[in-house]
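Heads up: the structure comes next, in structure tokens.
The values are calculated or read from the model by the stated rules, or taken from the named source; none is laboratory data. Here the structure is a predicted model, which means the values were calculated and not measured. Reconstructed Cβ throughout: ideal geometry from the backbone, glycine too, with neighbour counts over all protein chains shown. Areas reflect the complete protein model, heavy atoms only, side chains present, ligands, DNA and RNA absent. Shrake-Rupley method; radii C 1.70, N 1.55, O 1.52, S 1.80 Å.
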Amino acid sequence: MKGKQTVRDMVLSLTVIGLVVGGIYMFIPHDEKADPTRVIDYRVETLTARRAAPYPVAAPAGLSQEWRATSVGFERKNANAWHLGFLDPRQSYVAVEQSTDTTAGYIGRVTKKAKATGQTQQVGDQAWERWDGDHYDALVRQDQGYVTVVTGTGSFEQLGAMAAALEFKQGAEQQ
């Protein structure tokens, strides 16, 4: 007899708890159509990296608001690696990667194992190497002592749009 009361009381308690939780859920505002992307402001990190890096740090200027920055970082200890990630207007990922590590290993790492195609893509007055991969494609530009990689899931057209928007500045040049 006592065992049946215990089970019945437990079921009643769970029912009451379920109703309370359901009621709370109904009254808390939530938007299923809201964009979960966390957009960041990368200006301060860009200024800091431009002061610290031994090369002109690339950051876009003049992109539409449809390009949303999602990640940023500068690691002096990791070959002065600069990273700036975006979602483009088509919801593809596009990142700017720079480093004093100019090896194919570094490029392979930031492009998720993309390989050089031997082709170039003209962006403004610069020729960028095209790299093709299963996960990411990339545009790569080797400069004196550093490499700039524009990579991601975006099309070569979108990668080119990012590369065209890049401003390369260092130290006191940043204003």
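Annotations
- Cα-centre dipole for the chain with unit charges at Cβ (Lys and Arg positive, Asp and Glu negative), debye to 20: 800
- Each Cα pair under 8 Å and six or more residues apart adds its sequence gap; the mean of these over the residue count of region 78-175 is a relative contact order of 25 percent.
- Per residue value of the accessible surface for the chain (all protein chains in place, 1.4 Å probe), Å²: 62
- Check: region 39-83 dipole with +1 on Lys, Arg Cβ and -1 on Asp, Glu Cβ, in debye: 200
- Within the accessible area of the chain (1.4 Å probe), percent carbon and sulfur: 55
- Computed [θ] at 222 nm, deg cm²/dmol, the chain (DSSP H ≥ 4; -39,500 (n - 2.57); rounded to nearest 500): -9500 deg cm²/dmol
- Alpha-carbon Debye profile of region 110-175, log10 I(q)/I(0) at 0.17 Å⁻¹: -0.59
- About the Cα centre, charge dipole magnitude for region 26-117 (Lys/Arg +1, Asp/Glu -1 at Cβ), debye: 400
- Of S13, H83, P54, farthest towards positive along the dipole that unit charges on Lys, Arg, Asp, Glu beta carbons give region 1-129: S13
- Förster-model FRET efficiency, 22 Å R0, Q126 and Q170, C-beta, rounded to 0.05: 0.80
- Farthest towards the positive end of the charge dipole of the chain, among the residues G73, I28, Y106, is the Cα of I28, using unit charges on the Cβ of Lys, Arg, Asp and Glu.
- Spatially close lysines, pair count over the chain: Cα under 30 Å, gap of eight or more or interchain: 7
- Considering only alpha-carbon pairs that sit under 8 angstrom and 6 or more positions apart, the relative contact order computed for region 65-113 is 28 percent.
- Membrane-span-like helices in the chain, defined here as complete DSSP H runs extending at least 20 Å along the helix axis by their C-alpha atoms with mean Kyte-Doolittle hydropathy no lower than -1.0, are 2-27; this is a sequence and geometry rule, not a statement about a membrane.
- Contact order for region 18-145, expressed relative to its length and based on alpha carbon pairs under 8 Å spaced 6+ residues apart, stands at 14 percent.
- Treating each Cα of the chain as one equal point scatterer and applying the Debye formula with no solvent, the log10 of I(q)/I(0) at q = 0.10, 0.13, 0.14 Å⁻¹ comes out as -0.48, -0.65, -0.73.
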